[in-house]
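Asker: Input: one structure, supplied below.
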Amino acid sequence: QTDLKLWQIAPDGQFQEVWQMDQSKLGLSLKPAEEVTFLATLTPKESLWELEEELKKKRITLASSLINNTSDGQRYVQARQVMSVALPTGQTKPPEPRPEDINHGWGKRYLLLPEPPIIYKLDKPNQRRIDAPLSTPEFLQ
């Protein structure tokens, strides 16, 4: 069992599929189908022949329409279910613009972040605190 997220929130707040949001960019006029086909392709962890033998012992047979072969002879199980999925109705709050949607993916690069305030004060010492030889500017003071 799994959860599918077929719809996303469009910029105007409506629930739409990805192809519906992009069809104006692509210059297409498409209509959604009434039914959705869900397809699962599974490769058994063990040999499909062994699995069939175990199922035969339990008097269970796999439908031949579920078993398929690849071009190199590997067998796999494929299940398909066609369901009618109603289109969503209603609206929600439009999503906040993402940085990749602004300025061709560069975001708001022109905005500078403020510098953090200096929370402590640095005092210049009155006397020299090291015993290294004096530098030339110190001689001239």
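We did not get these values from a lab; they are worked out from the coordinates using the rules stated. Please read these numbers as outputs of a predicted model, since none were measured by experiment. Please note: Cβ atoms are built from the backbone with ideal geometry, for glycine as well, and neighbour counts cover all protein chains shown.
Asker: On the principal axes of its Cα set, how long, how wide and how thick is the chain? Give whole Å, largest value first.
Answerer: In descending order, the Cα extents are 103, 45, 28 Å.
Asker: Using a Debye calculation, one point per C-alpha and no hydration shell, please list log10 I(q)/I(0) for region 33-87 at q = 0.26 Å⁻¹ in order.
Answerer: After summing over all Cα pairs, the log10 values are -1.06.
Asker: Okay, next question. Over the chain, what is the relative contact order in whole percent, taking alpha-carbon pairs under 8 Å and six or more residues apart?
Answerer: In percent, rounded to a whole number, it is 26.
Asker: Determine the calculated [θ] at 222 nm for the chain from helices alone, applying -39500 (n - 2.57) to every DSSP H run no shorter than 4 residues and normalising by the residue count; nearest 500 deg cm²/dmol.
Answerer: -4500 deg cm²/dmol
Asker: Rank-order 97-105, 57-65 by packing density, defined as the average count of other C-beta atoms within 10 Å over each peptide's residues, highest first.
Answerer: Working: 97-105: 10.2, 57-65: 8.4.
Top to bottom by mean Cβ count within 10 Å: 97-105, 57-65.
Asker: Moving to a separate point now. Could you check the spin-label model distance between Lys108 and Leu4? Points 7 Å from the Cα along Cα→Cβ, value in nm.
Answerer: 3.8
Asker: Taking only Cα atoms of region 83-141, what ratio of Rg to Rh do you get with Rh as the Kirkwood inverse-distance radius?
Answerer: 1.54
Asker: Taking region 51-141, which chymotrypsin sites (Phe, Trp or Tyr not before Pro) meet the DSSP loop condition and have no more than 16 other C-beta atoms within 10 Å?
Answerer: Trp106, Tyr110, Tyr120
Asker: Please give every one of the lysines within straight-line cross-link reach of Lys5, meaning a C-alpha to C-alpha distance under 20 Å, and leave out same-chain neighbours fewer than 8 residues apart.
Answerer: Answer for Lys5, where 20 Å is the Cα cut-off: Lys31, Lys93, listed by chain and number.
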